[in-house]
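This report refers to the structure that appears directly beneath it.
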Amino acid sequence: MALGATLQSIPLFAHLREEDVNRISRFARDRSYPKNSVIVFEEDPGDSLYVVMSGQVKVVLIGEDGREVILSTPSKGDFFGEMSLIDDQPRSAHVIAMEDSQLLVLRREDFHQCLSEMPGIAIGLLRAMCKRLRQADNKIGGLVLLDVPGRVARLLLELADENDGEHITKRITHHLIAQMIGSSRETVSRTMRSLVDRGLIEVSRSKIGLCDREALETAAGRDTMGPAQRFHYDGKHDRRRRGNAPPQ
């Protein structure tokens, strides 16, 4: 498949005109990264946008004791590195290849030119950043409000939603789950065994199946109630009340 056609399959470039996509393909450069290689170092100057063409990478914070917290795991069609190109700040995290990966690299000056001449990229970029902000809000809320089983349930639901909603085919270990939810591998292993024993999930060598989505949704704190059962906060009187919220 020609690079232009490949680019049009990526959400960031999907709504561009063919001639604009062809221009980007002339700017961009292919880069290959073997498994476990570091693509970006935290605090390095940011001079490029990266688009994942194949494989998978992890955006990760590494503590002084070597512990890792995984912020996201971009795969085919995802991009990263745009923040430093917009705010001129250093890289906010490391990016490491989780498997052999092929990336498309767009340098700062070419990226800025594309933004000024192709409004479709700016719109796609804003949509993606809004999505990430919502995901960050959910993750922060989960860390504060959910226990480990709730955080595991939420992650399993999110991973299944990337596929067919019922199965997780992406290879994922208990250690990786722990890094993604801010827990330990031992605690995650106990939680996964409990979910299997309760019939909420089933685990095989190739996939994880969600057997009881509703129970997982409840554990994850997702709202499955209708409006009549929701509680709404009345800030004026500092109390909660049942029923539909008044119009604003």
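The values are calculated or read from the model by the stated rules, or taken from the named source; none is laboratory data. What you see is a predicted model, and the numbers here were worked out from it, not measured in a lab. Reconstructed Cβ throughout: ideal geometry from the backbone, glycine too, with neighbour counts over all protein chains shown.
So that you can scan it fast, the table gives a plain yes or no per residue for (1) in contact with a helix residue (DSSP H, G or I) (Cβ under 7 Å, 6 or more places away or on another chain); (2) in the same structural domain as L85 (by TED's automatic domain parsing); (3) under 19 Å from M83 (Cα atoms):
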site: H15; (1), (2), (3): yes, yes, no
site: P34; (1), (2), (3): no, yes, no
site: S37; (1), (2), (3): no, yes, no
site: V57; (1), (2), (3): no, yes, yes
site: V60; (1), (2), (3): no, yes, yes
site: G66; (1), (2), (3): no, yes, no
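For segment 94-140, filtered to residues that are of a type in the set (D, E) and exposed (fewer than 12 other Cβ atoms within 10 Å of the Cβ), the residue that is farthest from the chain's Cα centre (by Cα) is E117.
Only residues that are under 15 Å from the mean Cα position of the chain (by Cα) and of a type in the set (K, R) were counted across segment 52-93, and they come to 2.
Take the residues of segment 77-113 that are assigned to a loop (DSSP other than H, G, I, E, B), in contact with a strand residue (DSSP E or B) (Cβ under 8 Å, 6 or more places away or on another chain) and at pLDDT 90 or above: which is nearest to V51 (Cα to Cα)? For segment 77-113, the residue satisfying everything is D78.
Do we find that G81 is free of Cβ contacts under 8 Å to residues at least 40 places away in the same chain and among the small types (G, A, S) in this structure? When the stated conditions are applied, G81 does not pass them.
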